[in-house]
Amino acid sequence: MKLVTYSRQGKEQLAFLIDNKLYNTNTANAALPSTMMELLKDWEAKVDIARGTEADIKSGKINIESIAFETATILAPVPNPTSCRDGYAFRQHVAAARRNRKVDMIAEFDQYPIFYFTNHNAIQGPGEIPCMPDHFQKLDFELEAAVVLCKKGRNIKAEEADQYIAGYMIMNDMSARTLQMEEMLLNLGPAKGKDFSTVIGPILVTPDELEAYKVPAKPNHVGNNYNLGMKCWVNGVLVSEGNVADMDWTFAEIVERCAYGADILPGDVIGSGTVGTGCFLELNGTGLLNDPNYKVQWLQPGDVVEMEIDGLGKLKNTIVAENTDWSILKIKKMPA
């Protein structure tokens, strides 16, 4: 299934995406909920009903009104997730970032998958990304994939973890690099450089839709893996290209670590971490390493960021400057 949340009369509405048209779930079948979170919380009881209803719409057995995807105000597939974690699964990105800083690759990367918590109240879908003045101090995109969970669990083994995944989405982990690097000097974070926007969407795609893309996990890893090309354009210029299959740590392995001694919940969102070449921080660093005269690039007001992952659609956002000159960087207390 391809599931979309859109704004209907100012409220969240869950819909099936079929042939570029949206069909409301609860209109199609009164046994289905009207929001994504309700469906996720009752996934095991409702998912087969949802699949059957989708099939009946496709066959014409159910004939209901639809609206064009392009005309709807699309929200994040899960507008209010229970939590949002982001992983660090692509070795290529980590190795390149460390090489660009002229430090060795960290051995611990290959020992266990890590993640951090980001602001689940700053989740958004397609559309404008409002940014404060300090965010424009090295404002960056990060091209990622993400999953949303559909079952409560605890102490889950990686071999079982894929059954806790409802579906896959595109993620843009927006980053204000100056704020991020400032706080990480104190060995804490990332936090303030990340908490203003995390973009997911525009579609939640269930795993059965991706069977044709399935490939083996990397050697000595377990869990589902998919050959899904990843691309990012800024103002129509292709700046990043990668593949979900390049994840060294699978989502199943990340879920295993998330669930160790802690509950995971329906509606939890987990990002993959940045694909290799998937942000300006890495691209600028590599460019300067090869050419001292390389012209660095960061996101600016008015920039349009488009991300596409095979099978998961295209996510489009516009960077917008808030109408203020307030800066927390300017109120830092400096040494006497």
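The values are calculated or read from the model by the stated rules, or taken from the named source; none is laboratory data. Just so you know, these numbers come straight off a predicted model, no measurement behind them. With ideal geometry, Cβ positions are generated from the backbone for all residues, glycine too; neighbour counts draw on all protein chains shown.
For GLY201, the conditions (1) surrounded by 24 or more Cβ atoms within 10 Å (Cβ to Cβ); (2) at positive phi; (3) touching a helix residue (DSSP H, G or I) at 6+ places or on another chain (Cβ under 7 Å) are fulfilled apart from (3). Residues that are assigned to a helix (DSSP H, G or I), over 23 Å from the mean Cα position of the chain (by Cα) and aliphatic (A, V, I, L, M): does segment 97-109 have at least one? Yes - at least one qualifying residue is present in segment 97-109. Restricting LEU281, LEU289 to residues that are over 14 Å from the mean Cα position of the chain (by Cα), at pLDDT below 95 and not in a loop (DSSP other than H, G, I, E, B) narrows the list to LEU289.
The single condition among (1) in the same structural domain as GLN124 (by TED's automatic domain parsing); (2) in contact with a Phe, Trp or Tyr (Cβ under 8 Å, 6 or more places away or on another chain) that PHE16 does not satisfy is (1). Mind counting the residues in segment 96-127 that are in contact (Cβ under 8 Å) with a residue 24 or more places away in the chain and of a type in the set (A, V, I, L, M)? Of the residues in segment 96-127, 5 are in contact (Cβ under 8 Å) with a residue 24 or more places away in the chain and of a type in the set (A, V, I, L, M). Quick check on THR53: is it touching a helix residue (DSSP H, G or I) at 6+ places or on another chain (Cβ under 6 Å), crowded, with 20+ Cβ neighbours inside 10 Å and more than 22 Å from ILE170 (Cα to Cα)? It is true that THR53 is touching a helix residue (DSSP H, G or I) at 6+ places or on another chain (Cβ under 6 Å), crowded, with 20+ Cβ neighbours inside 10 Å and more than 22 Å from ILE170 (Cα to Cα). Of the helices (runs of 4 or more DSSP H) lying entirely inside segment 1-80, the ones with 1 or more residues being farther than 30 Å from ASN119 by Cβ are found at 25-28, 43-59.
Return the total of residues in segment 312-334 being over 30 Å from PRO202 (Cα atoms) and assigned to a loop (DSSP other than H, G, I, E, B).
Residues in segment 312-334 being over 30 Å from PRO202 (Cα atoms) and assigned to a loop (DSSP other than H, G, I, E, B): 7 in total.
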